[in-house]
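S.K.: My structure is below; once you've seen it, I'll send some questions.
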Amino acid sequence: MEKSTLFVDDEKLLKDKGYDDHFHEHHHDEDPYQSNFITKYIFSMDHKMIAKQFLLTGMFWAIIGAAMSVIFRLQLGFPAESLTWLKPLLGKWIVVNSQGVGHLSTEFYYAMVTMHGTIIVFFVLTAGLSGTFSNLLIPLQIGARDMASPLLNMMSYWFFFLASVVMFISLFVSTGPFSGGWVAYPPLSALPQAMSGSGTGMTLWLISLTLFVVSVLLGGLNYVTTVLNLRTKGMSMWRLPLTIWSFFITAIIGLLSFPVLVAGFLLLMADRSLGTSFYLSEIFINGHALDNVGGSPVLYQHLFWFLGHPEVYIIILPAMGIVSEVMSTHARKPIFGYKAMVISIASIAFLSFLVWAHHMFVSGMNPFIANFFTIFTLIIAVPSAVKVFNWISTLYKGNLTLNTPMLFAIGFVSMFISGGLTGLYLGNSAIDIQMHDTYFVVAHFHIVMGVAAFFGMFAGVYHWFPKMFGRFMNETLGKIHFWGTMLTAYLIFWPMHYMGLAGVPRRYYKFDVFDTFSQFSELNKFITVMAIIAFFVQLVFVTNFFHSMFFGKKVRSKNPWKSTTLEWTTPILPGHGNWPGKLPTVQRWAYDYGKDGFDFIPQIQPKLDGETSAVH
Amino acid sequence: MTRVMTDIHGQNMERRSRIHPHKLALWIGLASIMMMFVALTSAYLVKKGGGEWLDFEVPQIFYFNAFVLIFSSVLLQASYVGFKRGHEKTYKYGLAGAFVLGIVFVILQYKGWQALYDLGIYLSGNPSGSFLYIISGLHALHVIGGIVALLVALIFAFRLRFVPTKRRRNRFELVIHYWHFMGFLWLYLLIFLFSI
Ligand code: HEM
Ligand SMILES: [Cu+2]
């Protein structure tokens, strides 16, 4: 059936139906938010500017984190080749032997692996993803002028910035950055003398991540209060776009789980500098026995993973929200099973607190307790499957526009399925005894979390770039970016499953002393080459991003994607306060696409003559 | 605007009176703090179950101190009632009493640590003792934060003219909720310390 386009005079609707909060009466000419360069671009309290700050900082870290992976992949893929050409960049971390062949020093290899994980997990996929889009979209999509506390919001960014500065400094200390893995298990993290990165590098790592937690908590506090308190008239919880639901629940998970990490860190700091033995017992180091007794490193693992598992959902839920929104818009169909989506997000969030020990099946835990965690882990697959089913049903018979944001949204679903399925293997404690700490795990979490969350982020950036900068990103470059990433991501991580099944352990510097693994040396080369290509494909994105910011095609109408949500009723480049006059009021849910023969009906549109009764 | 706005379902669209955003933020913050302590006490239990655990008698002063904090909370509540009813004296002196008892609590906690030390339980010894120091220390830090808040409230109370406006009441309530939470938290922690 041919859909007709509803003529929506949103200016008139805003004027007639809008809610007058007397915004301009208390904001005269000297708008305190935009008065000069410093308050506008640097110490900004405007949520849209803060969102851009999170995004740019996240991109900066993404490039560094990705470059690190290329460096350690070079060593892994080509152990016999000389890396002396990297000496100008890496200096003493390239060790040149008597034949003039240079290798990455082993400490530095571990430092790179550790920093890569830390940076991507926390700085890119938590701050860069949730920070960017929660800030940008929460006020715009719920019809608020700004966050509940713009000041806390600004501080949230600056704590992240401080955390970034400290971590960045740690890359340059002479003993090297921390090198005991992103999970920072003791005793490597607890004993400054354990390895060279465990000294100053680890101290800085701890300081940085503590600052980071402060940033997450301040941000989360704000997101939750804003969603609960500042929704415009008519925006009941059941009318929120799924983006907002996911940011909201993500913030709650963060507020409940990050403090647990802080508790773990506190005890770790005490072990490092106050001589306590929370995590240490009967340790020999350099031939000497330490006098710490009574502690247990497994205790740290519990505290870490009690955050760590929810953290992976803190990363993926915002991506899921973005994908739902982008997919519904570009499929011109209501999202399938809206309520089921919300309930799945909530139950995933709840269950994510009950499964942490599936990361610890081989830590010597009681097998009966392991059963408990296996069961809850497998139950998480149910709401996850519901979501996948709903995305596919949304696509089914949709009127798909396969532009870049949509491609990334579909790519997300593909990645989430592939990686989720391997999670089911790992969730079985009996199988995990074989798989734990192999490349199978590396493949699992890179596909389901790493690549999928990046895809969600890319979908969001391509989709909301017009709202951020008033210009479009280039479609051709976008498609090159998508197909390049999709292909290389699978080519990098798919083969790792086979290596993992064969028992190849993760985090090893080289495998040439193991005869069994020599069969994989060609595969390792291949993976490295793909990783390098993937890296360059991302540079296409970065170029596209900055070029489009200044020279992209200009947005000419307020609602370029013909979307229903409120952010598209603001001016093309909204100023402070988002709506120049009255606030919009909400008359319906966010997904009236293709209803009653209309292509879309925006949330501000009151009931039309002859409209069938609304769903929400 | 007098006409009540309705949406396509005829639902009332006026903003519902929602909980004050600052209070909501405070409660969420308290939930976060609670999680941190829950993590520590869980770690405590797990470690205790794991063996190599040194049992010792927890100094009485830690229990006694709970009463100090509770009494402080009672005075603060009285001060709040005074504030609402317009009894300026109850308001001011209740608040002052709560503040003083808060300081007494911290001093007595310090005495408690000294008593521990005299028993030969050191921070760097068996984790059973280390936990006690770290948990009570962290709690004391949060109490000190509350004392600073009480101090600000006190300055307001004695420097400003006594006009119980809604704004001041809201602000006062923030301090009160935080302070009651500190008392509750210490009781919660004692349950674990009791069982050393
Ligand atoms: C059906 C759902 C899933 C199940 C059953 C599952 C199960 C597991 C299990 C059992 C492990 C531990 C493997 C080991 O170390 O031996 C694991 C690791 C991991 N999973 Fe999942 N997972 C699922 C989905 C996800 C999702 C959605 C994410 C993130 C968005 C994720 C991120 C991770 C990460 C980061 C690790 C590895 C952490 C590390 O050791 O460095 N998983 N998963
Ligand atoms: Cu997990």
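S.K.: Averaging sequence separations of C-alpha pairs under 8 Å and six or more residues apart, then dividing by the length of the stretch B:115-196, give the relative contact order as a whole percent.
M.R.: For the stretch B:115-196, the relative contact order is 34 percent.
S.K.: Relative to the present Cα-Cα distance, how much length would full extension add between B:V152 and B:E52 at 0.36 nm per residue of separation?
M.R.: 31.4 nm
S.K.: Follow-up question, since we're still on this one. How shielded is B:34-45 by partner chains, expressed as the average number of their Cβ atoms within 10 Å of its Cβ atoms?
M.R.: Rounded to a whole number, the mean comes out at 6.
S.K.: Quick one: Karplus J couplings for the stretch A:83-93, per residue in order, coefficients 6.51, -1.76, 1.60, θ = phi - 60°, nearest Hz, x for Gly and Pro?
M.R.: Working through the residues one at a time gives 9, 4, 5, 8, 4, x, 7, 9, x, 5, 6 Hz.
S.K.: Report the relative contact order of chain A, percent, no decimals, based on alpha-carbon pairs under 8 angstrom and at least 6 residues apart. If you can, show how the numbers build up before the last one.
M.R.: Working: 1017 pairs, mean separation 111.7, N = 616.
Relative contact order comes out at 18 percent.
S.K.: Mind giving me the nanometre distance, one decimal, between the label points for A:S236 and A:N36, set 7 Å out from Cα along Cα→Cβ?
M.R.: Each label point is offset 7 Å from its Cα along the Cβ direction, giving 4.9 nm.
S.K.: With the dipole of the protein assembly as shown worked out from charges on the C-beta (+1 for Lys and Arg, -1 for Asp and Glu) around the Cα centre, which of A:L76, B:V58, B:V104 lies farthest toward the positive end?
M.R.: Sorting the options by dipole projection puts first B:V104.
S.K.: Here's a follow-up. With all pairs of different alpha carbon atoms counted, what Kirkwood hydrodynamic radius in Å does the stretch B:57-195 show?
M.R.: Radius from the Kirkwood sum: 15.8 Å.
S.K.: Counting only pairs 8 or more residues apart or on different chains, how many lysine pairs in the stretch B:57-195 have their Cα atoms under 25 Å apart?
M.R.: For the stretch B:57-195, the number of qualifying lysine pairs is 4.
S.K.: How would you rank A:227-235, A:162-170, highest first, on the average number of other Cβ atoms within 10 Å across their residues? Walk me through the intermediate numbers first.
M.R.: On the way: A:227-235: 22.9, A:162-170: 19.1.
Final packing ranking: A:227-235, A:162-170.
S.K.: Still on this structure: On the protein heavy atoms, probe 1.4 angstrom, tell me the percent of accessible surface of the stretch A:10-600 carried by carbon and sulfur. Kindly include the intermediate steps, with their values, before the conclusion.
M.R.: On the way: 14800 of 21120 Å².
With neighbouring chains kept in place, the figure for the stretch A:10-600 is 70 percent.
S.K.: Further question on the same structure: For the interface of B with A, what's the total buried accessible surface in square angstrom, probe 1.4 angstrom, rounded to the nearest hundred?
M.R.: Working: alone 11750 and 24380 Å², together 32760 Å².
Roughly 3400 Å².
S.K.: Pop a pseudo-label 7 angstrom from the Cα along the beta-carbon direction at both A:E11 and B:F64 and give the gap in nm to one decimal.
M.R.: In this crude label model, A:E11 to B:F64 measures out at 7.7 nm.
S.K.: Run the reach check for A:K40 against aspartates and glutamates, Cα to Cα strictly under 19 Å, same-chain hits fewer than 8 apart removed. What comes back?
M.R.: A:D29, A:E30, A:D31, A:D146
S.K.: What nm distance separates the two modelled labels at A:T543 and B:H177, each placed 7 Å from Cα along Cα→Cβ?
M.R.: Each label point is offset 7 Å from its Cα along the Cβ direction, giving 5.3 nm.
S.K.: Let me ask another. Using only atoms on other chains, find how many Cβ atoms lie within 10 Å of each Cβ of peptide A:224-236 and report the average. Walk me through the numbers before you get to the answer.
M.R.: Values: counts 3, 11, 2, 0, 6, 8, 3, 3, 2, 7, 10, 2, 4.
Across A:224-236, the average partner-chain Cβ count within 10 Å equals 5.
S.K.: Apply 1/(1 + (r/R0)^6) to the Cβ-Cβ distance of A:N97 and A:V173, taking R0 = 41 Å, and write down the FRET efficiency to the nearest 0.05.
M.R.: Once the sixth-power term is evaluated, E becomes 0.95.
S.K.: Which whole-Hz ³J(HN,Hα) couplings does the stretch A:314-321 yield from phi under the Karplus relation 6.51 cos²θ - 1.76 cosθ + 1.60, θ = phi - 60°, glycine and proline marked x?
M.R.: So the J values, rounded to whole Hz, are 4, 6, 8, 4, x, 4, 5, x.
S.K.: A follow-up question, please. Near the amide H of A:F600, under 5 Å away, which other amide H atoms are found, from residues 5 or more places off or on another chain, if H is placed in the peptide plane?
M.R.: Here the answer is A:L6, A:G594, since their amide H atoms fall under 5 Å of that of A:F600.
S.K.: Could you tell me the distance between the Cα centroids of the stretch A:515-558 and the stretch B:52-110, to the nearest Å?
M.R.: 60
S.K.: While we're looking at this one, here's another question. In terms of modelled amide H atoms, which long-range or inter-chain residues lie less than 5 Å from the amide H of A:R471?
M.R.: Counting only residues 5 or more places away or on other chains, the set is A:V555.
S.K.: So which of A:K467/A:K562; A:K333/A:K397; A:K92/A:K525; A:K12/A:K52; A:K12/A:K48 end up more than 20 Å apart by C-alpha? Don't skip to the answer; put the middle values down first.
M.R.: Details: A:K467/A:K562 13 Å; A:K333/A:K397 9 Å; A:K92/A:K525 25 Å; A:K12/A:K52 31 Å; A:K12/A:K48 25 Å.
Checking Cα-Cα distances, A:K92/A:K525; A:K12/A:K52; A:K12/A:K48 exceed 20 Å.
S.K.: Which residue fluctuates most in the GNM of chain B (Cα springs below 10 Å): B:H139, B:H177, B:H87?
M.R.: Comparing B:H139, B:H177, B:H87 in a Gaussian network model of chain B, the most mobile one is B:H87.
S.K.: At a 1.4 Å probe radius, carbon and sulfur cover how many percent of the accessible area of chain B?
M.R.: Solvent-exposed carbon and sulfur of chain B make up 66 percent of the total.
S.K.: To continue, here is another question. So what's the angle, to the nearest 10 degrees on a 0 to 90 scale, between helix A:367-395 and the longest Cα principal axis of chain A?
M.R.: 40
S.K.: Still on this structure, I have one more. Express in whole angstrom the spacing between the alpha-carbon centres of the stretch A:574-616 and the stretch A:400-427.
M.R.: When both Cα centres are located, 30 Å separates them.
S.K.: Could you tell me the distance between the Cα centroids of the stretch A:44-110 and the stretch A:153-196, to the nearest Å?
M.R.: Cα centroid to Cα centroid, the span is 15 Å.
S.K.: Moving to a separate point now. Go through the stretch A:161-171 residue by residue and turn each phi into a ³J(HN,Hα) via Karplus (6.51, -1.76, 1.60, θ = phi - 60°); whole Hz please, and just put x for glycine and proline.
M.R.: Values, residue by residue: 4, 4, 4, 4, 4, 4, 5, 5, 4, 4, 5 Hz.
S.K.: Less than 13 Å apart at the alpha-carbon level, and either on another chain or at least 8 residues along: which aspartates and glutamates does that give for A:K233?
M.R.: A:D20, A:D21, B:D7, B:E14
S.K.: A further question follows. Would you mind getting the accessible area per residue of the protein assembly as shown, heavy atoms of the protein chains only, 1.4 Å probe, in Å²?
M.R.: So the protein assembly as shown comes to 40 Å² accessible per residue, rounded to a whole number.
S.K.: Taking chain A as the reference, fit the longest principal axis to its C-alpha atoms, fit the long axis of helix A:132-142 to the helix C-alpha atoms, and give the angle between the two in degrees, 0 to 90, nearest 10.
M.R.: Taking Cα atoms only, the helix is inclined about 20 degrees.
S.K.: Efficiency by 1/(1 + (r/R0)^6): what FRET value for A:L491 and A:L90, r their Cβ-Cβ distance, R0 = 41 Å, to the nearest 0.05?
M.R.: Using R0 = 41 Å, I get an efficiency of 0.95.
S.K.: Let me ask something else about it. Can you tell me the 0 to 90 degree angle between the C-alpha axis of helix A:242-273 and the longest principal axis of chain A, rounded to 10?
M.R.: 30
The values are calculated or read from the model by the stated rules, or taken from the named source; none is laboratory data. From a predicted model like this one, the values you see are computed outputs, not experimental measurements. Glycine gets a Cβ as well: all are built from the backbone with ideal geometry, and neighbour counts include every protein chain shown. Heavy atoms of the whole protein, side chains included, go into the accessibility calculation; ligands, DNA and RNA do not. Shrake-Rupley method; radii C 1.70, N 1.55, O 1.52, S 1.80 Å.
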